[in-house]
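The values are calculated or read from the model by the stated rules, or taken from the named source; none is laboratory data. Note that the structure is a prediction, hence the values are computed from the model and not measured. Here the Cβ positions follow ideal geometry from the backbone for every residue, glycine too, while neighbour counts run over all protein chains shown. Each accessible area value is taken on the protein alone, full model and side chains, heavy atoms only, with ligands, DNA and RNA left out. Shrake-Rupley method; radii C 1.70, N 1.55, O 1.52, S 1.80 Å.
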Amino acid sequence: MIVAPSILSADFSRLGDQLKEVEKSHAQWIHFDVFDGHFVPNISFGTDVLKAVKSSVKMYVDVHLVISDPEYYSDIFMNAGADGITFHLDAVNSIEKSLALINKIKARGKKVGITVYPEADMHEYLPYLDEVDLALVMSIKPGFGGQPFREDAIERIKWLNDLRKKHNYHYLIQVDGGINAETGGQCAKAGADVLVAGSYVFKNNIPEAVDTLYKL
Ligand code: DX5
Ligand code: ZN
């Protein structure tokens, strides 16, 4: 299991210390949510914070672009050090443009992920599943940490897991939102490979919370 603490829930007054704690834990990735106040009604942080994260810890930084214009901003976040970029298909709304963006990110040697809003039709993923490194299942409506887990995410994880087996696809299945020991266990059982956790990690003892998820 890959555990990806979401720094959205970190204590920003001591972000450096918290990042060091994460680095010493079993977490392999840092999850970095970018909100633009347009695609979702909240604003998080941008490239200067990403550069600071990259210079503080030697970890894979998984950038989740929850923004309206991922085609423009993906390059800017890759230039700032993103190791992987996940974007919302609902922000692009064109199969051709989404495929072009996937290829652009891959051409730079970065990992690429796709996601949709929780209520969106899962079939939206289909044209891309052979191409991507990661399929993200949103288990909350994006924009804010600390929301309860949506149970309908479990069926979505299973669907992606079944398709992966059937077609020999190579993507990782990531789940994001409301993850704790209980919901993380349900996701692991359904086939998830990467658990994103914000509140659960940063509102508890960081290494202990990471370990609990890591062992699921
Ligand atoms: C929300 C973000 C999540 C968020 C999860 O839009 O995509 O990554 O940090 O926070 P928790 O784990 O608190 O639900
Ligand atoms: Zn996220």
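Right, LYS165: touching a residue at least 24 places away in the same chain (Cβ under 8 Å) and out of contact with any Ser or Thr (no Cβ under 8 Å at 6 or more places or on another chain) or not?
Spelling it out, it is not the case that LYS165 is touching a residue at least 24 places away in the same chain (Cβ under 8 Å) and out of contact with any Ser or Thr (no Cβ under 8 Å at 6 or more places or on another chain).
On the given criteria, is LYS104 closer than 15 Å to PHE32 by Cα, away from ligand 2 (no atom under 16 Å from the Cβ), touching a residue at least 12 places away in the same chain (Cβ under 8 Å) and open to solvent by 10 Å² or more (accessible area, probe 1.4 Å)?
No, not satisfied.
Filtering region 50-59 down to residues that are open to solvent by less than 60 Å² (accessible area, probe 1.4 Å) and more than 17 Å from the chain's Cα centre (by Cα), which residue is nearest to GLU71 (Cα to Cα)?
Only one residue fits best here, namely ALA52.
If you scan region 25-82, which residues turn out to be in a loop (DSSP other than H, G, I, E, B) and hydrophobic (A, V, I, L, M, F, W, C)?
ALA27, PHE39, VAL40, PHE45, VAL57, MET59, ILE67, ALA80, ALA82
Could you go through region 19-26 and let me know if any residue there is touching a Ser or Thr at 6+ places or on another chain (Cβ under 8 Å) and within 16 Å of ligand 2 (Cβ to nearest atom).
No; the residues of region 19-26 include none that is touching a Ser or Thr at 6+ places or on another chain (Cβ under 8 Å) and within 16 Å of ligand 2 (Cβ to nearest atom).
Please specify each residue of region 161-216 satisfying the condition of being away from ligand 1 (no atom under 16 Å from the Cβ), out of contact with any strand residue (DSSP E or B) (no Cβ under 8 Å at 6 or more places or on another chain) and aromatic (Phe, Trp, Tyr).
Hit for region 161-216 is TYR169, nothing else.
Can you name the residue in region 60-69 that is surrounded by fewer than 18 Cβ atoms within 10 Å (Cβ to Cβ) and of a type outside the set (Gly, Ala, Ser) and is also farthest from ligand 1 (Cβ to nearest atom) among such residues?
Ranking the qualifying residues of region 60-69, first place goes to ASP69.
Per-residue answers, yes or no, for (1) free of Cβ contacts under 8 Å to residues at least 12 places away in the same chain; (2) open to solvent by less than 10 Å² (accessible area, probe 1.4 Å); (3) under 17 Å from TRP29 (Cβ atoms):
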site	(1), (2), (3)
GLY185	no, no, no
LYS189	yes, no, no
ASP193	no, no, yes
ILE206	no, yes, yes
LEU213	no, yes, yes
LEU216	no, no, yes
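Scanning region 107-146 for residues that are within 19 Å of ILE76 (Cβ to Cβ), within 17 Å of the chain's Cα centre (by Cα) and more than 14 Å from ligand 2 (Cβ to nearest atom), which turns out least open to solvent (accessible area, probe 1.4 Å)?
VAL112
Given the condition more than 16 Å from ligand 2 (Cβ to nearest atom), crowded, with 18+ Cβ neighbours inside 10 Å and not in a helix (DSSP H, G or I), answer yes or no: does some residue in region 176-183 qualify?
Taking region 176-183 first, the residues more than 16 Å from ligand 2 (Cβ to nearest atom) are 181-182.
After this cut, where a residue has to be crowded, with 18+ Cβ neighbours inside 10 Å as well, the list is none.
Checking region 176-183: not a single residue is more than 16 Å from ligand 2 (Cβ to nearest atom), crowded, with 18+ Cβ neighbours inside 10 Å and not in a helix (DSSP H, G or I).
Given the structure, is ALA91 without any contact (Cβ under 8 Å) to a residue 40 or more places away in the chain and within 24 Å of ASN42 (Cα to Cα)?
no
Taking the criterion of being buried (at least 22 other Cβ atoms within 10 Å of the Cβ), closer than 29 Å to GLY191 by Cα and charged (D, E, K, R), would at least one residue in region 70-89 satisfy it?
no
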